[in-house]
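Quick note: the coordinates plus some simple rules give every number you see, no bench work behind them. Remember, predicted model here, so these are calculated numbers, not experimental data. No Cβ is skipped: glycine too gets one built from the backbone with ideal geometry, and neighbour counts run over all protein chains shown.
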Amino acid sequence: MVTSESFLNLLREVYEDGNIQLEVRSYSGRGMYGKSCIGVVLEYTTAWTLALALADRNNGNMDLFDLDAPREDDMGMRARIYYWPQLEWPEGEEGFGGEE
C-alpha cells in the first residue's frame, strides 16, 4: 500500500540520487477545495524519467499500481506539476528539490 509518507520517502531517494531535477512540494489542485497533496514539479521532458526512476528505486517495496494516475497542471516556463490528490501532504513536512 502506498502512503503519503512512503511515497515522499521514495521521491526523496530519487531526488537524492541526483539524476533528475525535480521539486517536491505541497499542492492544492483544481477541485481540491484547499486540501493539499503531494506535488512534483518537473520540466516537460522528465516525467517519463521520473516514472522509471520511481519504479527502479522502489524495488517492489510498494505496489505503485495502487496509485491513481497523477493529475497535472501547467506551471509555465516549460514545467508541469504532477500531483496525487489521494496522497495528502503530511502536516509539518517540508518540500525539497527545486532551485536551491
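Could you list, in sequence order, all residues of the range 1-41 that are of a type in the set (D, E, K, R) and assigned to a loop (DSSP other than H, G, I, E, B)?
Those that are of a type in the set (D, E, K, R) and assigned to a loop (DSSP other than H, G, I, E, B): Arg30, Lys35.
Which of the residues that make up the range 1-56 are surrounded by fewer than 18 Cβ atoms within 10 Å (Cβ to Cβ) and charged (D, E, K, R)?
Matches in the range 1-56: Glu5, Arg12, Glu13, Glu16, Asp17, Arg30, Lys35, Glu43, Asp56.
Working only within the range 60-100, note down all residues that are within 15 Å of Thr46 (Cα to Cα), part of a loop (DSSP other than H, G, I, E, B) and touching a helix residue (DSSP H, G or I) at 6+ places or on another chain (Cβ under 7 Å).
Once the filter is applied, which keeps residues that are within 15 Å of Thr46 (Cα to Cα), part of a loop (DSSP other than H, G, I, E, B) and touching a helix residue (DSSP H, G or I) at 6+ places or on another chain (Cβ under 7 Å), the range 60-100 yields only Arg78.
Would it be correct to say that Tyr83 is under 13 Å from Phe96 (Cα atoms) and touching a Gly at 6+ places or on another chain (Cβ under 7 Å)?
no
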